[in-house]
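Undergrad: Please find one structure pasted underneath; my questions will follow.
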Amino acid sequence: MSPIDPIKLSQDLIRCPSITPQNEGALEILENKLSTLGFSCERFDFEGICNFYARKGSGSPHLCFAGHTDVVPLGDASLWTHPPFQGEIHDNQLWGRGAADMKCAIAAFVSALSQQNTCPGMVSLLITGDEEGEALHGTQRVLPLLAQRGDIPDLCLIGEPTCLQKIGDTLKIGRRGSITGKLICYGKQGHIAYPQNTDNPTPRMIACLKALYSHSFDKGTDLFEPTRFEVTSVDVGNTASNIIPHKIEARFGIRLNTLQKTENISQLLHAVCNKEGGEHDLTLTFHGGAFLTEDEEKISLIQKAVETVTGYLPSLSTTGGTTDGRFISAYCPVVECGMKEETMHQVDEHVSLADIQKLTDIYVAILKAFFH
Ligand SMILES: [Zn+2]
């Protein structure tokens, strides 16, 4: 059987407008390809989110490739100079939403399997449909079911975009955790010229935010940036210049490293707001803690496999947003290796055809090294 063309498969996937929570036929395309490669495919759909798991072989070693076919929205669609869901090729680039994050990486892995299709042990693919959304009904729900039947891989390779300047220059071996929150401070509305009859909540909000901005959580580690607090919005919704508002609302996010526990940060936030905020409501949402893969043997195996293709050893990083690696890392070591990060989530997202080919070669090398 002739190998699967990763560029053609990338185009087919981009042509499915699978903005979270839509699937639009993306998983069916993969099921079809993987079935022809001898994989058995199962669907795990929950609450309208489509996920699937494909496996071939049995026992160990077991390599799992994890990814998602859902994509982020277009943003301002009028700004796109190439149609986002047509998979057009211009100037040796493949254009479309999901090209970098992360349909081309999935296509590259499936193509790699078609070239390196006899792996002793087991290969599996966990492809989910809500990574770009709340991530509640994808990886997080399928993993426990797989674990129950003993399908725990020895290593999970995630195809999220990881590279900076050149394909294969960076692997992610961990990610920071994330907490988002909303703080509302309450006061008493009134005339600005009669402040004695009012209670302006604005200074109390400023005091809370200042205390949190100036708090030194930690200094980071060799592999992690320091934990940071950042405000994303402060609003009173006040259109009048002579009214003291009765409430003020702020939204914020904290990206935390492995030195921090979410419970400790929660305690700190509550303590600051209790001290400075007066009457207030603090709501926190936890999106997962930080993780770090410490299995040096597996990390080195992947690094060296990449080097056989590119000629350079990829550096190790933990920067960037959260991925489903936060859930998978509870079960097995996780290494992320995918396309360049540059245009992910942007208008006119695109990747070069040469990079798709090279990532395919990298995945072939990883399969060879893992199942040597
Ligand atoms: Zn992604």
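Undergrad: With bins 5 Å wide starting at 0, give me the P(r) of segment 64-107 over every alpha carbon pair, in whole percents.
TA: All Cα pairs, binned at 5 Å, distribute as 5, 21, 29, 23, 13, 6, 2, 0 percent.
Undergrad: Of Ala330, Ala107, Ala99, which is the most mobile in a GNM of the chain whose springs link Cα atoms less than 10 angstrom apart?
TA: Ala330
Undergrad: Same structure, new question: What are the aspartates and glutamates whose alpha-carbon lies under 12 Å from the alpha-carbon of Lys33, with same-chain residues fewer than 8 places away excluded?
TA: Reachable aspartates and glutamates: Asp5, Asp12.
Undergrad: So, in nm, how far is label Thr202 from label Leu79 when the simple model puts each one 7 Å beyond its Cα toward the Cβ?
TA: Rounded to a tenth, the inter-label distance reads 3.0 nm.
Undergrad: Right, something else. Which of the lysines could be linked to Lys340 by a straight reach, that is with a Cα gap under 17 Å, when you skip same-chain ones fewer than 8 residues away?
TA: Lys103, Lys166, Lys172, Lys358
Undergrad: Right, here's the next one. Just how far, in whole angstrom, is segment 65-88 from segment 279-301 if you go by their alpha carbon centroids?
TA: Here the answer is 27 Å between Cα centres.
Undergrad: In deg cm²/dmol and to the nearest 500, what is the mean residue ellipticity at 222 nm of the chain if only DSSP H runs of at least 4 residues count, each as -39500 (n - 2.57), divided by the residue total? Intermediate results must be reported in sequence, preceding the final value.
TA: On the way: 9 runs with 107 residues, N = 372.
So the calculated ellipticity at 222 nm is -9000 deg cm²/dmol.
Undergrad: Enter the mean projected area of the convex hull around the alpha-carbon atoms of segment 55-133, in nm², rounded to one decimal. Let's see the in-between values first.
TA: Numbers: hull surface 25.9 nm².
Averaged projected area of segment 55-133's Cα convex hull equals 6.5 nm².
Undergrad: Fully extended, how many nm does the chain gain between His90 and Asn242 (0.36 nm per residue separation, minus their Cα-Cα distance)? Walk me through the intermediate numbers first.
TA: On the way: separation 152, 0.36 × 152 = 54.72 nm, distance 5.62 nm.
Additional length available on full extension: 49.1 nm.
Undergrad: Which one of Ala26, Pro120, Pro201 is farthest out on the positive end of the charge dipole of the chain, using unit charges on Cβ (Lys, Arg +1; Asp, Glu -1) and the Cα centre as origin?
TA: The one lying farthest along the dipole's positive direction is Pro201.
Undergrad: Moving on to the next point. Between Lys188 and Asp218, what length in nm is gained on full extension when 0.36 nm per residue of separation is reduced by their alpha carbon distance?
TA: Here the answer is 7.1 nm.
Undergrad: So who's got an amide H within less than 5 Å of the one on Glu160, skipping anything under 5 residues away but keeping other chains? H placed 1.01 Å off N, in plane.
TA: Hits under the 5 Å cutoff: Cys337.
Undergrad: Let me ask something additional. So if we plug the beta-carbon distance of Ser58 and Leu353 into 1/(1 + (r/R0)^6) with R0 = 30 Å, what FRET efficiency do we get, rounded to 0.05?
TA: 0.25
Undergrad: Diagonalise the Cα gyration tensor of the chain and give the resulting equivalent ellipsoid semi-axes, square root of 5 times each eigenvalue, largest first, whole Å. Mind dumping the intermediate values first?
TA: Working: eigenvalues 372, 105, 70 Å².
Taking √(5λ) for each Cα gyration eigenvalue gives 43, 23, 19 Å.
Undergrad: Would you mind putting 296-305, 236-245 in packing order, based on average other-beta-carbon counts within 10 Å, highest first? Write down the numbers at each step before the final one.
TA: Values: 296-305: 16.8, 236-245: 12.5.
Averaged packing, sorted descending, gives the order 296-305, 236-245.
Undergrad: Arranged from highest to lowest average of other beta-carbon atoms within 10 Å per residue, in what order do the peptides 213-223, 111-121 appear?
TA: Details: 213-223: 12.3, 111-121: 17.8.
For the peptides 213-223, 111-121, the packing ranking is 111-121, 213-223.
Undergrad: Top mean-square fluctuation among Lys275, Lys103, Lys358, Gaussian network model of the chain, C-alpha springs under 10 Å?
TA: Between Lys275, Lys103, Lys358, it is Lys275 that shows the largest mean-square fluctuation.
Undergrad: I've got another one for you. How many percent of DSSP beta bridges within the chain run antiparallel, rounded to 5? Show your work: numbers first, answer last.
TA: Values: 46 of 65 bridges.
Counting DSSP beta bridges with both partners in the chain, the antiparallel share is about 70 percent.
Undergrad: Mind jotting down the distance between the C-alpha centroids of segment 226-274 and segment 1-41, whole Å?
TA: With segment 1-41 and segment 226-274 each reduced to a Cα centre, they are spaced 42 Å.
Undergrad: Roughly what would the spin-label model give for Asp45 and His287, points 7 Å off Cα along C-beta, in nm?
TA: It is 2.8 nm.
Undergrad: Follow-up question, since we're still on this one. Lys275 versus Thr232, label points 7 Å from Cα toward the beta carbon: distance in nm?
TA: Each label point lies 7 Å from its Cα, and together they span 2.6 nm.
Undergrad: What does the net charge come to around Ile244 if you take all other residues with beta carbon closer than 14 Å to its beta carbon, with K and R at +1 and D and E at -1? Don't jump to the answer; show the numbers that get you there.
TA: On the way: positive: Lys188, Arg204, Lys247; negative: Asp199.
For residues surrounding Ile244, the net value is +2.
Undergrad: Run the reach check for Lys210 against lysines, Cα to Cα strictly under 27 Å, same-chain hits fewer than 8 apart removed. What comes back?
TA: Lys182, Lys188, Lys219, Lys247, Lys261, Lys275
Undergrad: If amide hydrogens are placed 1.01 Å from N in the peptide plane, which non-local residues have theirs closer than 5 Å to the one on Gly75?
TA: Those qualifying (amide H under 5 Å, at least 5 residues apart or on another chain) number zero.
Undergrad: Please report the Cα spread of segment 15-146 along all three principal axes, rounded to whole Å, starting with the longest.
TA: On the principal axes, segment 15-146 reaches 50, 35, 20 Å in Cα extent.
Bear in mind these aren't lab numbers, they're just calculated from the coordinates by the rules spelled out. Fair warning: this is a prediction, and the values are worked out from it, not measured in the lab. So basically every Cβ, Gly included, is an ideal-geometry build from the backbone, and we count neighbours across all protein chains shown.
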